[in-house]
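The values are calculated or read from the model by the stated rules, or taken from the named source; none is laboratory data. Keep in mind it's a predicted model, so treat the numbers as computed, not measured. Heads up, the Cβs are rebuilt from the backbone with ideal geometry, glycines too, and the neighbour counts pull from every protein chain shown.
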Amino acid sequence: MGAAMETRLIPGAWALFSISDQHRYLAVIAAVAAFARHPVVALARASMAPAAALCRRGVPLGAPAVALARIIAQISAAATVRVPSVPA
């Protein structure tokens, strides 16, 4: 089974962030994360990190660098092909 990745833009999130409506900004991010098709959700911006505490499903990764490293590791693990050794 291969790894799957999906990028999702959250309509209205940036507008909430830009008017400093932190509560609604984080709530909308957590709500979208709750309906993700994958068990791991990477929150791509540092400003999104507090939304991880509001997530009720899956594994939210709040620090962008940690999130990216985890996703790369999962994709790499899924893409690794194990070739059996051939007796000489």
Quiz prompt | Output for segment 28-43, where each listed residue is surrounded by 14 or more Cβ atoms within 10 Å (Cβ to Cβ) and not in a strand (DSSP E or B) | solution = 28, 29, 30, 31, 32, 33, 34, 36, 38, 43
Exercise. Look at residue 59 and say whether it is out of contact with any helix residue (DSSP H, G or I) (no Cβ under 7 Å at 6 or more places or on another chain) and at pLDDT below 85.
Key: yes
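Quick check on this structure: which one of 42, 13, 69 is among the small types (Gly, Ala, Ser) and at pLDDT 80 or above? Break it down into steps so the answer makes sense when it comes.
Details: 42 fails: at pLDDT 80 or above; 69 fails: at pLDDT 80 or above.
One residue alone meets the criteria, 13.
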